[in-house]
Amino acid sequence: METIKVVIVDDHEVVRLGLKSLLNRVADLQVVGEAGSAAEAERVVEQTRPDVVVMDIRMPGGSGIEACRAIRSRWPETRVIMLTSYSDDEAVIGSVMAGASGYVLKQIGTQELVDAIRRVSRGESLLDPGVTGKILERVRGGTGSGLGDARGTPESLTEQEERILALIAEGKTNREIAAELFLSEKTVRNYVSNILAKLQLHNRAEAAAWAVRRGLDRAPRSEQ
């Protein structure tokens, strides 16, 4: 069993200790570092190179969102889950724009958090389709600055990847995409990973925004 390395970032020591104690009881998880501020988070990630960072959104002296952006820029292989006390659209959208793979509420159960860390470590997204929809509204309205900016081109994608990208832009989940294109969920996950890598994007929301900006959010469906 491969161990998933985790770093916890929260300005409350009690929260960090509690999460560390809970996660270290799980056989395939190992907390390799912790930080109490956004500035410290970047240093700890550099030292430990974790697979997943669980990061508080709001911390004194620096935003978790800015720390997420810095970490994802320097170490794109490290995934970030944002931790928040309540669902705030602006904070969640800001997190996604910074490259986070999703967010969880601090009231989340232990097993749900463990499942979230495992999913994110595999390259999956925790984003609710509704969040992606709100981001796309901003892009279509011209206010989603920075979203979907990539060096990739439409020509770098295969026809099947364009179909899948179009479905992502419609807010479809991997399961829904798999059902529509008669593929397995694993195959769809692989396609999504390839799309993000080719376009040098961080997550599904950015991919969806990229598609909308280039008019690829209505790609033709395959004939079955």
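Only one of these conditions is not met by Glu112: (1) surrounded by 21 or more Cβ atoms within 10 Å (Cβ to Cβ); (2) within 17 Å of the chain's Cα centre (by Cα). Which number is it?
(1)
Which pairs do you get when a residue that is modelled with pLDDT of 80 or more, found in region 149-164, comes within reach of a residue that is assigned to a helix (DSSP H, G or I) and among the polar types (S, T, N, Q), reach meaning Cβ atoms under 7 angstrom, with the pair 6+ apart or on two chains?
Glu161/Asn194
Show the residue pairs meeting these rules: Cβ distance below 7 Å; 6+ apart or different chains; first residue within region 84-108 and within 25 Å of Trp210 (Cα to Cα); second residue of a type in the set (D, E, K, R) and modelled with pLDDT of 85 or more.
Ala98/Arg69; Ala98/Arg72; Gly99/Arg69; Gly99/Arg72; Ser101/Arg79
Out of all the residues in region 53-76, is one or more over 16 Å from the mean Cα position of the chain (by Cα), aliphatic (A, V, I, L, M), surrounded by 18 or more Cβ atoms within 10 Å (Cβ to Cβ) and at negative phi? Step through it out loud before you land on a result.
Looking only at region 53-76, we keep the residues that are over 16 Å from the mean Cα position of the chain (by Cα), and these are 58-63.
Filter again for aliphatic (A, V, I, L, M), leaving 59.
Within this subset, residues satisfying the condition of being surrounded by 18 or more Cβ atoms within 10 Å (Cβ to Cβ) are 59.
Checking which are at negative phi leaves us with 59.
Within region 53-76 (the criterion being over 16 Å from the mean Cα position of the chain (by Cα), aliphatic (A, V, I, L, M), surrounded by 18 or more Cβ atoms within 10 Å (Cβ to Cβ) and at negative phi), the answer is yes, since at least one residue qualifies.
Restricting the search to region 92-109, which residues are modelled with pLDDT under 85, of a type outside the set (S, T, N, Q) and surrounded by 18 or more Cβ atoms within 10 Å (Cβ to Cβ)?
Across region 92-109, the qualifying residues are Val92, Ile93, Gly94, Val96, Met97, Ala98, Gly99, Gly102, Tyr103.
One residue is enough: does region 6-20 have a residue meeting the conditions touching a Lys or Arg at 6+ places or on another chain (Cβ under 7 Å) and assigned to a helix (DSSP H, G or I)? Please lay out each step first, then the result.
Applying the first criterion (touching a Lys or Arg at 6+ places or on another chain (Cβ under 7 Å)) to region 6-20 yields 8, 10.
If we keep only those that are assigned to a helix (DSSP H, G or I) too, we end up with none.
Taking every residue of region 6-20 in turn, none turns out to be touching a Lys or Arg at 6+ places or on another chain (Cβ under 7 Å) and assigned to a helix (DSSP H, G or I).
Would you pick out the residues in region 21-60 that are closer than 19 Å to Ser101 by Cβ and assigned to a helix (DSSP H, G or I)?
Scanning region 21-60 gives Leu23, Ala38, Ala41, Glu42, Val44, Val45, Thr48.
Residue by residue through region 187-219, note down the ones that are of a type in the set (A, V, I, L, M, F, W, C) and over 16 Å from the mean Cα position of the chain (by Cα). Let's see the steps before the verdict.
So the first thing to find is which residues in region 187-219 are of a type in the set (A, V, I, L, M, F, W, C), and the list is 188, 192, 195-197, 199, 201, 205, 207-212, 216, 219.
Val188, Ala211, Val212, Leu216, Ala219, listed by residue number.
When only residues in region 3-20 that are without any contact (Cβ under 8 Å) to a residue 24 or more places away in the chain and within 22 Å of the chain's Cα centre (by Cα) count, which is nearest to Ser85 (Cα to Cα)?
Arg16
Every residue in region 165-180 that is surrounded by fewer than 18 Cβ atoms within 10 Å (Cβ to Cβ) and modelled with pLDDT of 90 or more, please.
Passing the criteria: Ala179, Glu180.
The values are calculated or read from the model by the stated rules, or taken from the named source; none is laboratory data. If you're wondering where the values come from, they're calculated on a predicted model, not measured in any experiment. For neighbour counting, all protein chains shown are included, and Cβ atoms are generated from backbone atoms with ideal geometry for every residue, glycine included.
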